[in-house]
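Here's the structure, in structure tokens; my notes come after.
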Amino acid sequence: MRDFENDRVGDDDRLGDLEERLRLDDPRFATALAAGEPTSPREYRHTSAWSTLAVAGVVLGTGVLLSHGLLLATGLVLAGAAGHLFDPQRHDVRRRPRSPV
């Protein structure tokens with residue numbers, strides 16, 4: 001016969017661990033979830049990425065209109081940086097330890 005009381009305690013512990021990981025991973029989302037006010041998780045908030053992409057487009061377009069190589073290069077670099085900001089797992093990137101050569 002199963003001991004359902006112990007199963008419930010184990011489930012409560014797992015839910016508590018999950019809640020703590022969520023709070024550490026995205027505090028803004030966890031606070032809004034606890035308050036009952038919906039907000040987007042961090043993976044779906046791209047305000048800075050869209051802003052950087054808009055600036056990159058303006059700089060790139062200006063570089064094309066003026067035939068100015070430095071503006072073209074700057075626009076392309078900014079567009080690449082904006083593309084990186086759209087990656088939802090950009091915070092999870094871990095550096096691999098260097099192996100001795």
Could you sort 66-73, 54-61 so that the peptide with the highest average Cβ count within 10 Å comes first and the rest follow in order?
54-61, 66-73
Excluding ALA34 itself, what net charge comes from residues whose Cβ is under 10 Å from its Cβ, given Lys and Arg +1 and Asp and Glu -1?
-1
Please work out how much length the chain gains when fully extended from LEU33 to ASP11, using 0.36 nm per residue of separation minus the C-alpha to C-alpha distance, in nm with one decimal.
5.9 nm
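Computed from the coordinates by the stated procedures, all read-outs in this text should not be read as laboratory data. Source: prediction; values computed, not measured. Reconstructed Cβ throughout: ideal geometry from the backbone, glycine too, with neighbour counts over all protein chains shown.
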